[in-house]
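Working notes, beginning with the structure itself.
The values are calculated or read from the model by the stated rules, or taken from the named source; none is laboratory data. Every value quoted in this text rests on a predicted model; they were computed, and no experiment measured them. Counting neighbours? That spans all protein chains shown, and the Cβs are built from the backbone with ideal geometry, glycine included. Accessible surface areas use protein heavy atoms only, side chains included; no ligands, DNA or RNA. Shrake-Rupley method; radii C 1.70, N 1.55, O 1.52, S 1.80 Å.
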Amino acid sequence: MSSDTLAKASAAPDVPEHADALRIVPHRRLGQWTAAAAVLVLLGLAVNSVLRNEAFRWDLVADYFTSDSVLRGLWLTLWLTAVVMVLGFALGTLLAAGRLSANPVLRSVSWGYVWLFRSIPILVQLLLWFNIGALYPQLFGVRTVNLFTPVAVAIIGLTLHEAAYAAEVVRGGILSVDRGQIEAAQALGLSRWRRWWRIVLPQAMRSIVPPAGNMLIGTLKGTSIVSVIAVQDLLFSVQLVYHRTYQVIPLLMVATVWYTVVTSLLGVGQHYVEKYYARGSERAR
C-alpha cells in the first residue's frame, strides 16, 4: 500500500458501516407538551364559562355597547388621554432638561417635583385639587369652584402626575445616547439645536417609545379614576346606566370590552412606532 493511501486512510474518520441507518431523534419534551395541553384545557374551560354564563347577559352588552351615553363617555376618555399625554410629556421634557442641567437650582427643583408627584397617589391628588376651594376660595378674582370644574381638575391632576413619570422616561432616553456621538457632532460644527434634533432625539426615541407607549395605555386606563369626581368618562357613563337598570355586570363588561379594544389598537400602534425608530438596529429585525 502506498504512503498516500495510508495517509488518506489515517485521515478518514471511523464511520460505522451502518451509518446510513442512523438518524437524529429530537429530544422529547414531554413535560412542556403536558403543561401546554393543561393550559389550553383550562383556557377553554374559562372561555366556555364566560360565554355560557347567563349572568353576563351578552345580549345587554351588545345593546349598550354602542349606545349614545357610552360612546360619549368613550370620547371623553380618549380626549382626556390625548390631552394629558401631550401636556404631561411637554412638562416632563422640561423637567428632564432641568434634571440634566448644570444649574443646581434647576436640578434641585426638577428632582423635587419628580419626587413629590411620584410620592402622592393619583387619587389623593385629584381629591386635593377637587377641594382646592377650601384653601383658596378665590383665584384671580374668580370663585375657585367655577374655575376648577371636574374636567379641569382631571386634566390638572393627571397631567401633573404623568409629567413626573414622563420626565424620567425622557431623561433615561437622553442618557442612553452615547456621549461620543454628541462630541463628534460638536466637532463637525453642528449647532446645539441640530445636535439634539438630528443626533440625540432619533437615538433617544428608541429608549423613550416603549415606556411612553406603556404610559399611554396606563393613562387611558387610569382615566377611569376620574369617575370619583363625577367626570363622565367611559366608566362613569356605564355606572350611570347600571345605577338605573341594576345590570351591573353587563355594563361593566361594556366598559371592559371597550378598554380592551382601545388598548389593543394602541399596542399595535406602539409596535410600529418602535419598529420605525429601531431601524438599523438589531431590534428592527
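Numerical summary
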| quantity | calculated |
| --- | --- |
| Distance (nanometres) between label positions extended 7 Å along Cα→Cβ at Val228 and Thr256 | 2.2 |
| Percent of C-alpha pairs per 5 Å bin, the chain, short to long | 1, 5, 8, 9, 10, 11, 10, 9, 8, 6, 5, 4, 3, 2, 2, 2, 1, 1, 1, 0, 0, 0, 0 |
| Distance histogram in 5 Å bins (all Cα pairs of region 27-132, percent per bin) | 2, 9, 8, 10, 10, 9, 9, 9, 10, 10, 8, 4, 1, 0 |
| Computed lengthening from Asn214 to Ile120, 0.36 nm per intervening residue step minus Cα-Cα distance | 31.8 nm |
| Accessible area expressed per residue, region 80-230, with surrounding protein chains retained (probe 1.4 Å, Å²) | 55 |
| Gain in span if fully extended, Trp58 to Thr144, counting 0.36 nm per residue against the direct Cα distance | 26.5 nm |
| Residue order for Glu162, Glu54, Glu274, Glu183 - accessible surface, 1.4 angstrom probe, largest first | Glu54, Glu183, Glu274, Glu162 |
| Tyr64, Tyr272, reordered so the largest accessible area comes first (probe 1.4 Å) | Tyr272, Tyr64 |
| Per-peptide average of other Cβ atoms within 10 Å, ordering 168-176, 242-250 highest first | 168-176, 242-250 |
| Relative contact order (%) - criterion: Cα under 8 Å, at least six apart; region: region 80-230 | 34 |
| Whole-percent carbon and sulfur share, accessible surface of the chain, 1.4 Å | 64 |
| Distance in nm between pseudo-label sites at Ala97 and His27 (7 Å out along the Cβ direction from Cα) | 5.5 |
| Rounded D (µm²/s) - region 142-222, Kirkwood Rh over Cα pairs, Stokes-Einstein at 25 °C, 0.890 mPa s | 163 |
| Alpha-carbon spread of region 80-230, three principal axes, descending order, Å | 56, 32, 24 |
| Dipole of region 80-230, positive direction: furthest Cα of Asn103, Pro150, Tyr165, with charges on the beta-carbon | Asn103 |
